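Enquirer: For reference, the structure I am asking about is given below.
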Amino acid sequence: MADGIRRGASGGLSLVAADSDGGADAAMEALSSLAEIEGWDAELCRRELPTVLPRLLSVFQATDNWTQHICILRILTERFLPHISLSELEQTFSSKILPKTEQFFDFLTSEISNQATRLTKQNVELHGTLRSHLQTLVHVLEALTGCVRHICTLQEILPLEYVHSLPISVLHIIKNAFTHCKNSESLYNEFLHLFSDLLQSLFKEAYSLQKQLMELLELVSVNSCAEDSTAVMVSVIHSVLEICSIISSIDRAFHANTWKFIIKQSLRHKSLIRNSLKHSDIYSGLCENILFSLESCLQLAEQMTQSGTQESTDYKLFQRTIKLCRFFANSLVHYTKEFIPFLVDSCSQLHQTYLQIYSKFPPSLHAPVISEAHHSEIAREFLMALDPLLLHLLSFRPFLEVVLSKTSDLSPELYLPQCRLLISVMDKLPSETQDVQALWNTGSQLPEEIPRMPLFTALFHSLQQCSGELSLPIVLPRATGTEQVEHSATFYHYVCIRLCAFITSLSASHFHLLECSLLETILASNMITTLLAMDAWCFLARYGTADLCSHHTFIVAYLIKACPADCYQVVLLGVLLKRLLFFMSSDHQVKFTELFPPKNPENLLLWQHLSLQALIPLLKHQVAHEIFMMGLAQCQEWLSNEKSLEELPQMNTALSALLSMCQTARETLEAGQRMVLVGAIGKLLTVLHVPQVSSVPCLWQAFCLIFQLLQLFIQMLEPQVLIQVLTVQIALIQLNPPDHVLLAILDFLSSMGKPFIPPDFQVQVLSKLSSVFATLLACNNWLIQQNATEAFTQFAEETNHEEILPQCVNSEEIKSKVVGFISKTHHVEETAEARMERMKMENAVLRCHLLGGTADQPPALVVEPSPKRACYSPREAQYKSAVDTVEEALEAVKLLLQRGPPPTWLPKKLETLQMELNSLKNSIH
C-alpha cells in the first residue's frame, strides 16, 4: 500500500496512508506534495522539521514506489539534514534512512541483473526500463554523496557514535555498485554499448561517494570505551578491503588510494583494532597486488624491449606502474613493521612473494628479457623500497622457520631467489642481537621445535640447485668515491663475496657451526657447493690467525689419512689441503713436514695432493727429494715383487705423489734422476697388461699416471718408448675406457709436437699418432671431442710433421669443426631466450642426477649439447651465419694451401662446391 502526503485543514502538509481503493491517487498526490516540499526554503524546512521529518521517514520506510523513494531521499538529505544536530544524527536520521536505502539498492541491482539476462534486440521496452533503473541507482549514490559531504563540513573531529550506521551501509552500497560495474560485460554482453554511459556514471558516482566517505572517516574519532565503535571501524576496514579486490582491475589509481586508506586507518586506530583485524587478508591483498603490479611493469618493459622502441605513452605507463609497485612495497614494509606479531599465518605467503619477486630478475632463468635501463629503473624504484622489509622480519621466529624449513618444497624457478634471500639475510644479520643470530645460525635444537636448517646449510642446499645460474651476471651497486655505480659479477662471485663477508662478522660462539657446515658441504656430492665451501674455508685461513690455519690444515690431513683411499671425498679433501698449505706460515710448514714426512710411505697418500710450490725453498727441495726417493723405491719394489696386482693401489699412490712433485718441483731433479725415473716408468708400461684392465679397475689409474708422467719428460723419450705408449693407447681405446683415461691420453697427445722423431721411426710413430687422433676426434662424447680438438690444435701448432694432419681428420664434418675451432667461429649465435631454455634443461638434468634420477625423466634429455642445435635467430640472421661459415671455411683452405701441397682429391671437391654455389645462385633468381 502506498502512503500519501495531503494538505491539512490548517493549510500545512499532512502525511496520511492511502487505502487500497485510492492508492494510485494517493501516490500521485504524495508526489505532488513532495515536489512542493522540494521548493521550501531553508527557514521553512527548519521550522517544519519536528513535524514533517517523522512523517517523511514513515512514508520512506513504508513506500515501495521507487520514484517516491528517491524523491523522499533527496528531500531528506538536501532539505532537512542540514537542520539536524550532529548529536541527533544517528538516532534521528542515519538509523532510519540507511537500512532502507541499502535494502532498496540491493533489490534494484538484483532486479537489473535479472532483467539484463532477458535482453534482446526486439525488447526495446526492457532497454528503457533498465536505463531507468540504472539512473535510479545513480540518483541514490548522488543523494548519499551529498549527505556525506554535508557531514564532513560540520566539524573537524567527529565521534564515530554520531555516524554509527553510516559507514557500514554506505560501503555496502558502494561495493554493490562497483560489483555491478565489474560484471557489466558478462551481464549485458552485446548490449553493453546501450548502457555504457549510465554504467560510467554509476562508477563515477560510486567513486565520488567512496572518496567523500574516506574524507569523512579521516575526521572520525573512535572512543576506546565504546565497543560498538571499535567493531564498526574494524568492519569499515574489512569492507574497504573487499572493495579493493573488486576495483583492482578497473582503476589502478583509485585502487591504490583505497589501499592507502586501509593502511592509514589501520595504523591510526592500531591500539583499538589490532586484535580484531583480518591481518592475513590484508597481508595477502598487499602481496597479490605487489606481484600483479610487478608483472604488469615487466610486461610493459618486455614489450618495449622486443619492439625496440620506447614510445612516450608506453614509457609513461611503465613509470606509473613502477610507482604503483613502490607504493605497495612501502605499504607492505610499513604494515609489517607495525603489525608483525599478528603475521604468523602470513609468513609462508610472504616468503613465497619474496621469492616470486626475485624470480623475475636476472640471473634467474625465468626472468623476462628486458633492457638493462628498464631493469635498473625497476630495481632502483621498487626493489630498494622492498629491501627494508627483511630487517623487520629477521627477529620474527615464524618467518625464519619458514625460510629455513627442512621440508620446504620449492619449485625450480624459486631456488635461485631462495639463495638471494639467504644471502640478503647474511648481509643484514650482523647488525642483529646475538639471540637473533643464534636463531638463524644454529638450526632447530629441540624435538618439539619446527625442524629448520642452519643458515649456512640452507644456503648450500639451495645453491646446489642453481648450477646453471652461477655463471650468469648479476648487477650490483659499487661505491666509487661519493657515488654508487653499477657493475656486473657472476652469481657465484656474488654469493662467495657475501658469504666471506658474513664469516668476518660471525660470533665466536657460532664458529664451530661454520666449521661443521663447511666440512659437511665439502664431503657431500655436489661439486658446486663443495667449491664454494673450499673458497670460504680458504678465505677463513687467510682472514684468521696462522694458528687457526695450521689447526685446520692438520685436521684435513688427518681426515685424508683416515678415509678409505678409493672414496671420492679423499680427492675433495686433497684439493682443500693443497690450497690450505699455501696459507701456512713457514714454521707451521716445517711442523707439517715433520709430522707427515714423505720418507714414510703411508704419507705419500697426503703428498700426492699437494703442490710443492706452496713450500718455502728449503723445504721444497727437501720434500721433493724425499718424495722422489720414496716414490721411486715403491715403483721399483713393485716391479721386483713379481708384479703383484694386489699391491697396485700402493704403487698408484707412489706414482701420483711423483706426478705431483714433478708438476710443481721438477727443476729440483738432476738429469740423472730424471733418466732413472723415466726408465722406471717406461718399464712399468711394458709389464702392465692392457687386457687385465677389465678385471682390475685400478689399472686404468696406473695407465693414466704413466701417460701423465711421461708427458712431463716427453722430449727425453726414446722413439721405441713413444711407439710403445701409442700402441698401449690404441689398445686401451678399443676397450671403451672411462673418460678420465681418454683425457689422460689426449694430454699426452697434445705434447707430441715437441719431441724429435728420427726418420727411421717416423712412419711407425706418425701412423699410430694419426690413428689415435682420428679415433678421438670422431668420438661422439662432446667432452672428449672438445678436448681432442684442443689437443690436436696444440699438436698442429708445434709439430714439424704437418703432412700427417689430414690423416688425423678423416671426415669433412670433423675437418669443419676443427677449422671452426682454430678460427674461433661461432656457427650459431645463441639468443638470450635460447640460452635460458638450454640452461633450464641442464638444471633439470643436474637436479635429476643429484637426486639419483627419477622414473619419469625423459631419456632423451642429456647433458651433451646437440651437435646441430636449432637456431633461434631470425631468418636473415640464419642466412648471414651460414654464409659467414662458408667464407671462413674458404679462408681456412687458403691458409692450408699456403702451408703445403693439397691432397689429390681437393680440385674435384672444389669443382663440386662450385656447382653447388651456381645452383644456389640460380635458385635465388
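Enquirer: In this structure, is Leu532 aliphatic (A, V, I, L, M), in a helix (DSSP H, G or I) and farther than 18 Å from His461 by Cα?
Expert: No; evaluated as a whole, the condition is false for this residue.
Enquirer: Identify all residues within region 552-602 that are within 22 Å of Leu523 (Cα to Cα), of a type in the set (Gly, Ala, Ser) and in contact (Cβ under 8 Å) with a residue 24 or more places away in the chain; write none if there are none.
Expert: Answer for region 552-602, where residues must be within 22 Å of Leu523 (Cα to Cα), of a type in the set (Gly, Ala, Ser) and in contact (Cβ under 8 Å) with a residue 24 or more places away in the chain: Ala557, Ala565, Gly574.
Enquirer: May I ask you to list the residues in region 638-649 that are part of a helix (DSSP H, G or I) and either within 48 Å of the chain's Cα centre (by Cα) or small (Gly, Ala, Ser) (or both)?
Expert: Selection gives Ser640, Pro649.
Enquirer: Looking at region 153-171, which of its residues are within 16 Å of Thr77 (Cβ to Cβ) and either of a type in the set (Phe, Trp, Tyr) or surrounded by fewer than 17 Cβ atoms within 10 Å (Cβ to Cβ) (or both)?
Expert: Correct list: Thr153, Leu154.
Enquirer: I'd like to check which helices (runs of 4 or more DSSP H) are fully inside region 742-821 and have at least 3 residues that are out of contact with any Asp or Glu (no Cβ under 9 Å at 6 or more places or on another chain) and surrounded by fewer than 15 Cβ atoms within 10 Å (Cβ to Cβ).
Expert: 759-777, 782-798
Enquirer: Same structure again: Out of the residues in region 52-103 meeting the condition of being closer than 15 Å to Ser33 by Cβ and β-branched (Val, Ile, Thr), tell me which one is surrounded by the most Cβ atoms within 10 Å (Cβ to Cβ).
Expert: In this case the residue turns out to be Ile72.
Enquirer: Still on this model: Tally up the residues in region 490-514 that are under 26 Å from Val570 (Cβ atoms), over 25 Å from the mean Cα position of the chain (by Cα) and in contact (Cβ under 8 Å) with a residue 24 or more places away in the chain, please.
Expert: Residues in region 490-514 being under 26 Å from Val570 (Cβ atoms), over 25 Å from the mean Cα position of the chain (by Cα) and in contact (Cβ under 8 Å) with a residue 24 or more places away in the chain: 2 in total.
Each row is one residue, and each column tells you yes or no for (1) part of a helix (DSSP H, G or I); (2) among the aliphatic types (A, V, I, L, M); (3) at positive phi.
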| site | (1), (2), (3) |
| --- | --- |
| Asn275 | no, no, no |
| Ser280 | yes, no, no |
| Ser284 | yes, no, no |
| Asn289 | yes, no, no |
| Phe292 | yes, no, no |
| Cys297 | yes, no, no |
| Met304 | yes, yes, no |
| Thr313 | yes, no, no |
| Leu317 | yes, yes, no |
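Enquirer: Still on this model: If you take the residues in region 611-624 that are polar (S, T, N, Q) and surrounded by 15 or more Cβ atoms within 10 Å (Cβ to Cβ), which one is farthest from the chain's Cα centre (by Cα)?
Expert: Gln622
Enquirer: So in region 586-610, with the set limited to residues that are assigned to a loop (DSSP other than H, G, I, E, B) and either among the hydrophobic types (A, V, I, L, M, F, W, C) or surrounded by fewer than 16 Cβ atoms within 10 Å (Cβ to Cβ) (or both), which one is nearest to the chain's Cα centre (by Cα)?
Expert: Result: Leu610.
Enquirer: Can I ask one more? Which of the residues spanning region 541-580 are of a type in the set (Asp, Glu) and over 21 Å from Leu514 (Cβ atoms)?
Expert: If the condition is that a residue be of a type in the set (Asp, Glu) and over 21 Å from Leu514 (Cβ atoms), then Asp566 is the only one that fits.
Enquirer: If you go through region 158-205 one residue at a time, how many are aliphatic (A, V, I, L, M), over 12 Å from Ile243 (Cβ atoms) and touching a Ser or Thr at 6+ places or on another chain (Cβ under 8 Å)?
Expert: 8
Enquirer: Filter region 265-274 down to the residues that are out of contact with any Asp or Glu (no Cβ under 7 Å at 6 or more places or on another chain) and touching a residue at least 40 places away in the same chain (Cβ under 8 Å) and list them by number.
Expert: Once the filter is applied, which keeps residues that are out of contact with any Asp or Glu (no Cβ under 7 Å at 6 or more places or on another chain) and touching a residue at least 40 places away in the same chain (Cβ under 8 Å), region 265-274 yields Gln265, Ser266, His269, Ser271, Leu272, Ile273, Arg274.
Enquirer: If you don't mind, there's one more thing I want to ask. Which one of these is without any contact (Cβ under 8 Å) to a residue 60 or more places away in the chain, of a type outside the set (Ser, Thr, Tyr) and assigned to a helix (DSSP H, G or I): His180, His193, His172?
Expert: His193
Enquirer: Just to check your reading of the model, which residue among Ser224, Ser239, Ser235, Ser229 is at pLDDT below 90, assigned to a helix (DSSP H, G or I), over 28 Å from His351 (Cβ atoms) and not aromatic (Phe, Trp, Tyr)?
Expert: Ser229
Enquirer: For region 286-314, which residues satisfy the criterion of being within 12 Å of Ile357 (Cα to Cα) and among the small types (Gly, Ala, Ser)?
Expert: If the condition is that a residue be within 12 Å of Ile357 (Cα to Cα) and among the small types (Gly, Ala, Ser), then Ser293 is the only one that fits.
Enquirer: Looking at region 877-924 only, could you name the residues that are modelled with pLDDT under 75, exposed (fewer than 10 other Cβ atoms within 10 Å of the Cβ) and of a type in the set (Ser, Thr, Tyr)?
Expert: Ser923
Enquirer: Follow-up question, since we're still on this one. Out of all the residues in region 294-353, which are closer than 18 Å to Ile378 by Cα and touching a Pro at 6+ places or on another chain (Cβ under 6 Å)?
Expert: Leu298, Glu302, Val333
Enquirer: Sort out which residues of region 570-585 are assigned to a helix (DSSP H, G or I) and within 15 Å of Thr545 (Cα to Cα), and write them in order of number.
Expert: If the condition is that a residue be assigned to a helix (DSSP H, G or I) and within 15 Å of Thr545 (Cα to Cα), then Leu580, Leu581, Phe582, Phe583 are the ones that fit.
Enquirer: Another question, then. Among the residues of region 511-527, count how many are crowded, with 18+ Cβ neighbours inside 10 Å and either among the basic types (Lys, Arg) or assigned to a helix (DSSP H, G or I) (or both).
Expert: Qualifying residue count, region 511-527: 7.
Enquirer: On to the next question. Do you know which residues across region 762-782 are over 20 Å from Ala731 (Cα atoms) and touching a helix residue (DSSP H, G or I) at 6+ places or on another chain (Cβ under 6 Å)?
Expert: none
Enquirer: Let me ask another. Quick check: is even one residue across region 712-722 surrounded by 17 or more Cβ atoms within 10 Å (Cβ to Cβ), at pLDDT 90 or above, assigned to a helix (DSSP H, G or I) and touching a Cys at 6+ places or on another chain (Cβ under 9 Å)?
Expert: yes
Enquirer: Tally up the residues in region 30-71 that are within 60 Å of the chain's Cα centre (by Cα) and among the aliphatic types (A, V, I, L, M), please.
Expert: Going through region 30-71 one residue at a time, the tally reaches 1.
Enquirer: Can you pull out every residue in region 32-53 that is hydrophobic (A, V, I, L, M, F, W, C) and assigned to a helix (DSSP H, G or I)?
Expert: Across region 32-53, the qualifying residues are Leu34, Ala35, Ile37, Ala42, Leu44, Cys45, Leu49, Val52, Leu53.
The values are calculated or read from the model by the stated rules, or taken from the named source; none is laboratory data. These numbers come from a predicted model, not from an experiment. Backbone-built Cβ (ideal geometry, glycine too); neighbour counts: all protein chains shown.
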